[in-house]
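What follows draws every value from the coordinates through simple rules; no lab data is involved. Here the structure is a predicted model, which means the values were calculated and not measured. So basically every Cβ, Gly included, is an ideal-geometry build from the backbone, and we count neighbours across all protein chains shown.
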There are 2 protein chains.
Amino acid sequence: MINFQTSPDHYRHWKLQVSGSVATLSMDVQEDETLAEGYKLKLNSYDLGVDIELADAVQRLRFEHPEVRAVVITSLKPRIFCAGANIYMLGTSSHTFKVNFCKFTNETRCAIEDDSRHSGRRYIAALNGTASGGGYELAIACDEIYLVDDGNSAVSLPEVPLLGVLPGTGGLTRLVDKRKVRRDRADVFSTLAEGLKGKRAKEWGLIDDSFPTSKFQDSVNARVQEAVRISTPKAPGIKLNPLKVEESDDSRNYKYVKLNLEREQRYADLTIHGPGATPPTRLEEIEKLGDAYWPLRAYRELDDALLHLRVNEPLIGLVCLHTEGNAADVLAVDTTLANNRDHWLVREILAHMARVLRRLDLTAKSFFALVEPGSCFAGNLLELLLASDRSYMLNSPDAAQASVYVSALNGGELPMSNGLTRLLSRFLANPESVDEVLQHRGPLTTEEAERAGLITFAPDDLDWEDEIRVAIEERTSLSPDALTGMEASLRFAGPETMETKIYGRLTAWQNWIFQRPNAVGEKGALTNYGKPTQAQFDYKRT
Amino acid sequence: MINFQTSPDHYRHWKLQVSGSVATLSMDVQEDETLAEGYKLKLNSYDLGVDIELADAVQRLRFEHPEVRAVVITSLKPRIFCAGANIYMLGTSSHTFKVNFCKFTNETRCAIEDDSRHSGRRYIAALNGTASGGGYELAIACDEIYLVDDGNSAVSLPEVPLLGVLPGTGGLTRLVDKRKVRRDRADVFSTLAEGLKGKRAKEWGLIDDSFPTSKFQDSVNARVQEAVRISTPKAPGIKLNPLKVEESDDSRNYKYVKLNLEREQRYADLTIHGPGATPPTRLEEIEKLGDAYWPLRAYRELDDALLHLRVNEPLIGLVCLHTEGNAADVLAVDTTLANNRDHWLVREILAHMARVLRRLDLTAKSFFALVEPGSCFAGNLLELLLASDRSYMLNSPDAAQASVYVSALNGGELPMSNGLTRLLSRFLANPESVDEVLQHRGPLTTEEAERAGLITFAPDDLDWEDEIRVAIEERTSLSPDALTGMEASLRFAGPETMETKIYGRLTAWQNWIFQRPNAVGEKGALTNYGKPTQAQFDYKRT
């Protein structure tokens, strides 16, 4: 089982060093410390374990070190920054694992950009040696890229010429859409196994500058000092403690999140509990609570549960989302967050919630939201319902009623990858509905929620159990691949962003190529990499 | 060999009837008239041959019947509008063919939308029976959809539940992005094999209205009369005659377009010749020339050559684009077209050129433009260079010089699928360069073109031959699949449209699913459709 929790004390491949307003993240991959057998992580190449540490470091900086304004990403290995994803690891992994690996590493790079955009931390890639493949893709996720000019070091995307696959971590999209490299130059660069060095790399916009070895450190430092000139009030930060989780064969229980697996039927029940006690309203109380504060803790738990489901439970095809608790408490949290959205910690908490919800949007499993009496699909938790492929709400006018609630957070703090709120994405046909829904105060009954377009089906008491059972059975009987493609197509209507391009277009092409015989067949390029045998292609163009 | 040329006299599956300002396109597929062996086109299901006729009809209407303002698409079969792409044809086709088949049918549907958008013809789908799968996808490409309410007829996308693949012709994207169906409803609809009938289909926005059988014809007619109320001056139209082509084993020569295949090296030389004589400047002359007018004829020939390369020459991986002729003549054509862009025929010619260039953008082969003395990469033909993955321009300051030229048409009349001009897509990093280039008068020498960012490489006389030879060898040695994915990613930077979503995101997912064992494996759903055996899935979610 792959564990997504770690902390700097446990890092094996990265060193995180914080000095005043500058953090340095140094890659020093230990070649034998792999997640699986059968490969060595030479030349700072990485597997999922290396990236889990990087993701943790980026997250931790935001909460534990708000004083940091610039993050330098560099390597402790001489002459090599990073050789990208380990080819032998890819060659020996299942298709499912490869796809999930790429998705996670994409999310880590998007998290770097999210930090830069929302919290203004400047990421500086200090390439003290060659950055190839995923190594250059990590650099290109940073705000600035500096390459040592030692006559040898280059940046490259050798996947197409050497491996017959695509750069899997957003490289092609970021080349033309982020760095806006001219497409013909991007074409040349992406087919050039050896890549480009300092002068031409700069001229083509692949890096921001290059410096001779003797001046590299000083030049990067000067750039870092520039980036941290805008000083910010020093805040102490809060500690992200390890999540506590009780595991059994078919369950995973955190404090606020409970996951129950119905393996035979290939679905899971995932329940998020509300705060459970009156949540604090003052910033000092929140800072004191730190990572015990409900919206941070609950969403960290949800994040871990989603990652667990993705990687460790591939046979679970459907997740039924439930909530339990007092809607008023959830709404009180939202009010506090909305009122203090300019405070650094609240901003980080909101950005984290948004990232976790996007992780859900991008999870290749079906989600059904089930709204029953006692649930609290309110405000931020209503986003779970809006993120679901469908929602079912019990219609029981005579007994205890189910309700859903809207809060200010549904109006913009928790955007999807396409840049829109989930409400706007839902009501593209009638955007005026968004305002109507947002202006609603108090509970929406089943009838009101249905009229407002928030739920898909509203079975009554008599039908509820049967209808849900049949819906689950039907969903889990369908082709898992067709569902993945269908959901990826239906979840992101409206505008596209670099992020949706990466997860939608690029990922789909990569998935395609990752199972083509020309890549993974007996004679494929990925299979034969590093072997005395040569790849042999079926040259039919598709 | 598949022939893409046809005309109404030769249609086997469609009837095209024009009466005043209304055209009726009736589908009546002959089940034995298939393009290949092994399947029957029952229930108005289609193969590529059926769609070639539809594409011809849509194109022909624009040129031959400018008086038509509304096009009714319906069926001559009782109780069935269209059952979509033939499953047995898909089941017995190669992956490469399936992908190219879907691309062409997508282009035909986009051509319908292009006609509606640019020439204002209203497309009305009169569903006199069930429209399932590709049948509903054809309807959703129309402006309006009316369904007979006979207690039986439905619209449906049964691909996911029945076949384990995606609707392959833009259906999912158009559901949520064109008709803006709520995503949870789109989810339900796309997993419901039997689809939805009149009332709910209308409520969910899948159709515009439904009428009982007895009133169906009258109600549709009333809608058609509404659509044609805005009368336009009657123009006589021009005839699209069959293209003449001389074929040999390794060449295909039209009047203005010559295609030479280097099969051993897996590349082709494609040369477009300029007008060859001083082109006309007056509208009457152009109308009189009709389809002999250079920009129409040359681009029709180019279109046919591209389709031929795609479907009949899958092993050709690279196309070297050449032009030959007098740049002044090409520029004179552009001036005439730009000055008369509001005239119906000129508008149609420009829209056609734009569609052909987009066909090139979307062709899964590499394109290199080669600029030498005697070439005429000028104005509209410069778009070929801008559409190429790379361009090489001979640098021979002492001898006859190569030049390229810009015209008004490069400024907006020939947009890519992403809605931008190719110049804007090229210069996303420095959009001010676009204006600079557009303002340039006269020839751009190699040096000037290189400085302006128009070309990739400028080898001199001594290096030219070797450099081109090596570039061709290198390109054609790479994995054809990796190149397809890379080119699809690099060609469309910048904004996304419904069209780029369909060709980029949806197509890539479809391609992926089209080779998953769950679809096409021995136990896959597509393989087992209509057989007594049942599909068996590997339920791992990817």
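Summary of the geometry: region B:403-429 and region A:75-147, compared by the centres of their Cα atoms, lie 33 Å apart. Counting only other chain Cβ atoms within 10 Å of each residue's Cβ, the peptide B:164-173 averages 4. Pairs of Cα atoms in region A:401-448 fall into 10 Å distance bins, from 0 up to the last occupied one, in shares of 26, 52, 21, 1 percent. What separates the B:Thr533 label point from its copies, with the point 7 Å along Cα to Cβ, is 2.7 nm, written shortest first. Dipole size of the protein assembly as shown about its Cα centre, with +1 on Lys/Arg Cβ and -1 on Asp/Glu Cβ: approximately 440 debye, rounded to the nearest 20. Report relative contact order for chain B in percent, whole number only (criteria: Cα-Cα under 8 Å, sequence separation at least 6). It comes to 12 percent, rounded to a whole number. As a proxy for reagent exposure, ranking B:Glu287, A:Glu226 by other Cβ atoms within 10 Å from fewest up yields A:Glu226, B:Glu287. With a cut-off of at most 10 other beta carbons within 10 Å, and DSSP calling the residue loop, which GluC sites (Glu not before Pro) in region A:73-181 qualify? Please list them. In loop regions of region A:73-181 (DSSP not H, G, I, E or B), there are no sparsely surrounded GluC sites (Glu not before Pro). Between amide H atoms placed 1.01 Å from N, distances below 5 Å from B:Val181 occur with B:Val176, all of them 5 or more places distant or on a separate chain.
Evaluated at q = 0.20 Å⁻¹, the base-10 log of the normalised Debye intensity for region B:1-103, with identical point scatterers placed on the Cα atoms, takes the values -1.03.
Relative to a virtual label point 7 Å from the Cα of A:Arg200 in the Cα→beta-carbon direction, which members of region B:424-464 show backbone nitrogen distances below 13 Å? Within reach of a label on A:Arg200: B:456-459.
In order along region A:400-410, the Karplus-derived 3J(HN,Hα) couplings, from 6.51 cos²θ - 1.76 cosθ + 1.60 at θ = phi - 60°, round to 4, 9, 8, 9, 10, 9, 9, 9, 4, 5, 6 Hz, and Gly and Pro are given as x. Ordering B:Thr105, A:Thr533 from the fewest to the most neighbouring beta carbons within 10 Å gives A:Thr533, B:Thr105. Relative protection proxy for A:173-185, B:450-462, from highest mean packing down: A:173-185, B:450-462 (other beta-carbon atoms within 10 angstrom).
Remark: mean inter-chain Cβ contacts per residue of B:174-182 equal 5, using a 10 Å Cβ-Cβ cutoff to other protein chain atoms.
Structural descriptor for region A:80-237: relative contact order 22 percent, calculated from alpha carbon pairs under 8 angstrom and at least 6 residues apart.
For region A:97-217, the square roots of the Cα gyration tensor eigenvalues, ordered a ≥ b ≥ c, give a/c of at least 1.5 with a/b no greater than b/c, which places it in the oblate category. Averaged over peptide B:495-508, the number of partner chain Cβ atoms lying within 10 Å of each residue's Cβ comes to 5. Working note: Cα gyration tensor of region B:380-511, eigenvalues times five, square-rooted, sorted largest first, giving semi-axes of 28, 22, 10 Å.
B:Gln401 label point (Cα plus 7 Å toward Cβ) to equivalent points in the other copies: 8.1 nm, shortest first. In the protein assembly as shown, Rg over Rh equals 0.97, where Rg is the alpha-carbon radius of gyration and Rh the Kirkwood radius from pairwise Cα distances.
What are the membrane-span-like helices in chain A by this rule: whole DSSP H runs, Cα extent along the axis at least 24 Å, mean Kyte-Doolittle hydropathy at least 0.0? For chain A, where a helix must reach 24 Å along its axis and average at least 0.0, the hits are A:344-361. Relative contact order of region A:26-120, taken over Cα pairs closer than 8 Å and 6 or more residues apart, is 35 percent.
Note on region B:30-61 and region A:212-246: Cα centroid distance 63 Å, given to the nearest whole angstrom. Taking label positions 7 Å along the Cα-Cβ direction at both A:Ser477 and B:Lys288, the computed distance is 7.0 nm, reported to one decimal. Here is the list for region A:14-92: GluC sites (Glu not before Pro) lying in DSSP coil, each with at most 15 other C-beta atoms within 10 angstrom of its C-beta, are A:Glu31, A:Glu33, A:Glu37.
With its label point put 7 Å out from Cα toward Cβ, B:Pro212 sits 9.2 nm from the same residue's point in the other copies, in order from shortest.
Beta bridges from DSSP with both residues in the protein assembly as shown: antiparallel share about 30 percent, rounded to the nearest 5. Sparsely packed loop sites in region A:31-124 (the trypsin sites (Lys or Arg not before Pro) outside DSSP H, G, I, E and B with at most 15 other Cβ atoms within 10 Å) comprise A:Lys40.
Take the convex hull of the alpha carbons in region B:65-137; its mean projected area over all directions comes to 5.8 nm².
Among B:Ser26, A:Ser214, the ranking by other beta carbons within 10 Å of each residue's beta carbon, starting with the fewest, stands as A:Ser214, B:Ser26. Computed over every Cα-Cα pair of chain A and binned at 10 Å starting from 0, the pair-distance distribution P(r) comes out as 3, 18, 28, 26, 16, 7, 1, 0 percent.
Each DSSP beta bridge with both residues in region A:348-486 is either parallel or antiparallel, and the antiparallel ones are about 20%.
Projecting the Cα atoms of B:Ala235, B:Ala277, B:Phe216 onto the charge dipole of region B:186-304 (Cβ charges, centred on the Cα centre) puts B:Phe216 farthest toward the positive pole. Rounded to the nearest 500, the helix-only mean residue ellipticity at 222 nm of chain B stands at -11500 deg cm²/dmol, with each DSSP H run of n ≥ 4 adding -39,500 (n - 2.57). Going Cα to Cα from A:Lys523, which aspartates and glutamates come in below 17 Å? Please leave out same-chain ones fewer than 8 positions away. Once the sequence-local aspartates and glutamates are set aside, what remains near A:Lys523 is A:Glu159, A:Asp538, B:Asp481. If amide hydrogens are placed 1.01 Å from N in the peptide plane, which non-local residues have theirs closer than 5 Å to the one on B:Ala85? Distant-sequence amide H within range of B:Ala85: B:Tyr46, B:Gly134, B:Gly135.
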